[in-house]
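Notes to accompany the following structure.
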Amino acid sequence: MEPKFKAHLFVCTNDRGPNGKRPSCAHRGAQELRDKVKAACHSRGFGKEVRVNSSGCLDQCEQGISAVLYPSGRWFFNLESGDADQLVAAVEEELKK
């Protein structure tokens, strides 16, 4: 059986709460970033080939918002809510493989 999606992007949106012992991506704008990437992928017609998901902790909390793109396993660190274009471009590259 063929996989349903050619690319799968996980954006950490973990929330440890305001008093967490480690930073949380949720408090850095991760949900906004994920929403922007998902909307951009759909507007470019990637919706049926790409899945953009929120993920729990990717254990890279000290490196800002983190994301990982499969099947390549490419990681992204120190992301901000304004970095949607960078992730969309990576998804586009992944689809061309």
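Data overview
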read-out: Isolated Cys residues of the chain, judged by Cβ distance under 4.7 Å to other cysteines; value: CYS41, CYS57, CYS61
read-out: Candidate aspartates and glutamates for bridging to LYS6, where Cα separation is under 12 Å - those fewer than 8 sequence places away on the same chain excluded; value: GLU49, GLU92, GLU93, GLU94
read-out: Derived scalar couplings ³J(HN,Hα) [region 72-87; Karplus, 6.51 cos²θ - 1.76 cosθ + 1.60; whole Hz; x for Gly, Pro]; value: 6, x, 7, 9, 10, 10, 6, 6, 10, 4, x, 8, 4, 4, 4, 6
read-out: In order through region 30-42: 3J(HN,Hα) via Karplus (6.51 cos²θ - 1.76 cosθ + 1.60), integer Hz, x for Gly, Pro; value: 5, 5, 4, 4, 4, 4, 5, 5, 4, 5, 5, 5, 5
read-out: Cα-based equivalent ellipsoid of the chain: semi-axis lengths in Å, sorted from largest, via gyration tensor; value: 24, 13, 11
read-out: Computed [θ] at 222 nm, deg cm²/dmol, the chain (DSSP H ≥ 4; -39,500 (n - 2.57); rounded to nearest 500); value: -9000 deg cm²/dmol
read-out: Rounded to whole Hz, the Karplus (6.51, -1.76, 1.60) HN-Hα couplings of region 55-63, x for glycine and proline; value: 10, x, 4, 9, 6, 10, 4, 6, 9
read-out: Placed amide H near GLY64: partners under 5 Å, 5+ positions off or other chain; value: ASN78
read-out: Loop trypsin sites (Lys or Arg not before Pro), region 1-31, which have at most 13 other Cβ atoms in a 10 Å radius of their Cβ (DSSP); value: LYS4, LYS21
read-out: Whether region 1-57 is rounded, prolate or oblate, judged on the alpha carbon gyration tensor where a/c under 1.5 counts as rounded; value: oblate
read-out: Neighbour-limited loop hits for GluC sites (Glu not before Pro), region 1-63 (at most 16 other Cβ within 10 Å; DSSP other than H, G, I, E, B); value: GLU49
read-out: Sequence-separation-based contact order of the chain, relative, with Cα cut under 8 Å and 6+ spacing, percent; value: 37
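Bear in mind that the values in this text are calculations on the coordinates, not laboratory data. Please read all numbers here as calculations on a predicted model, not as lab measurements. Counting neighbours? That spans all protein chains shown, and the Cβs are built from the backbone with ideal geometry, glycine included.
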